[in-house]
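**Student:** Quick one: this structure, given as structure tokens, is what I'll be asking you about.
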């Protein structure tokens with residue numbers, strides 16, 4: 001069977017992390033939340049300086065307000081899990097995360113602020 005012409009010949013595969021508020025997130029005072037948010041932002045800024053985090057930010061209007069933020073990592077799924085688990089907001093139970101691969105047509109995205117390649121170049125396996 002010939003390859004579907006709508007399937008790209010190559011994909012760039014990125015590691016994404018979706019941060020979400022768990023339903024059992026503990027309550028914090030405003031002062032505790034401010035301090036936790038400062039540690040969360042500092043941790044993520046350090047990951048970016050270390051070259052592990054390519055892009056990240058909070059989510060605005062969406063269908064599920066429990067979804068809080070999205071990140072693109074320059075590492076594999078296991079390391080993204082490990083790094084996400086080290087986030088102070090995750091450790092405090094304020095945030096949880098989901099890690100996944102995102103396949104997009106090769107060359108679709110560019111990260112001009114990053115030295116080197118982000119993601120892996122792959123082909124869709126033939127069934």
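**Student:** Say we look at the stretch 99-127 and pick out the residues that are surrounded by 13 or more Cβ atoms within 10 Å (Cβ to Cβ) and touching a helix residue (DSSP H, G or I) at 6+ places or on another chain (Cβ under 9 Å); which of these is nearest to residue 24 (Cα to Cα)?
**Tutor:** Looking at residues that are surrounded by 13 or more Cβ atoms within 10 Å (Cβ to Cβ) and touching a helix residue (DSSP H, G or I) at 6+ places or on another chain (Cβ under 9 Å), I get 99.
**Student:** Here's another thing I want to ask about it. Only one of 65, 58 is in contact with a strand residue (DSSP E or B) (Cβ under 8 Å, 6 or more places away or on another chain), surrounded by fewer than 11 Cβ atoms within 10 Å (Cβ to Cβ), modelled with pLDDT of 90 or more and at negative phi. Can you tell me which?
**Tutor:** Every option except 58 fails the conditions.
**Student:** Sticking with this structure for a sec: Checking residue 28 against (1) at pLDDT 95 or above; (2) under 17 Å from the mean Cα position of the chain (by Cα); (3) assigned to a loop (DSSP other than H, G, I, E, B), only one condition comes out false. Which one?
**Tutor:** Of the numbered conditions (1) at pLDDT 95 or above; (2) under 17 Å from the mean Cα position of the chain (by Cα); (3) assigned to a loop (DSSP other than H, G, I, E, B), the odd one out for residue 28 is (2).
**Student:** Determine if the stretch 72-83 includes at least one residue that is surrounded by 15 or more Cβ atoms within 10 Å (Cβ to Cβ) and over 23 Å from residue 121 (Cβ atoms).
**Tutor:** no
**Student:** So which residues in the stretch 68-83 are in contact with a strand residue (DSSP E or B) (Cβ under 8 Å, 6 or more places away or on another chain), outside any loop (DSSP other than H, G, I, E, B) and more than 21 Å from residue 27 (Cα to Cα)?
**Tutor:** Matches in the stretch 68-83: 70, 71, 72, 73, 77, 79, 80, 81, 83.
**Student:** Just to be sure I understand, how many residues within the stretch 98-125 are more than 26 Å from residue 85 (Cα to Cα), in contact (Cβ under 8 Å) with a residue 12 or more places away in the chain and part of a loop (DSSP other than H, G, I, E, B)?
**Tutor:** The total comes to 6.
The values are calculated or read from the model by the stated rules, or taken from the named source; none is laboratory data. Because the structure is a prediction, the values reported are computed rather than measured. Positions of Cβ are backbone-derived with ideal geometry, glycine not excepted, and every protein chain shown enters the neighbour counts.
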